[in-house]
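Take a look at the structure set out below.
The values are calculated or read from the model by the stated rules, or taken from the named source; none is laboratory data. Please read all numbers here as calculations on a predicted model, not as lab measurements. FYI the Cβ positions are ideal-geometry reconstructions off the backbone, even for glycines, and counts take in every protein chain you see. Protein only, heavy atoms only, side chains kept; ligands, DNA and RNA dropped before computing areas. Shrake-Rupley method; radii C 1.70, N 1.55, O 1.52, S 1.80 Å.
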Amino acid sequence: MQKNYTASTLENPGLTSTVIQFDPLLPRPAAGRTAAVMQVMEDVLLCTLRSSDVAARYSENRFVLLLEAPACEGANPMERVRAEFYRRPAHD
């Protein structure tokens, strides 16, 4: 399975900011395919992030996330996002 996104994270006490970017070094898919994959990611973010987290579309191939510091909820929020994204067949 080829990873087709990168996530850059900056952590501060109480808040983590993350930028999810679909890798521009991979062969560029058609605009419709990029839009479809971004829709999958949007759906994943809506179903996996907590009510205290914020997600926003930043560009054609990026989302910006503001994540409250992880609580005793088990997996890191980005691990939940990653697992759900790759569980869906429409991710590639």
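Things worth noting here:
- Measuring only protein heavy atoms, the 1.4 Å probe finds residue 8 accessible over about 70 Å².
- R0 of 25 Å, Cβ-Cβ distance residue 34-residue 12: FRET efficiency to nearest 0.05: 0.20
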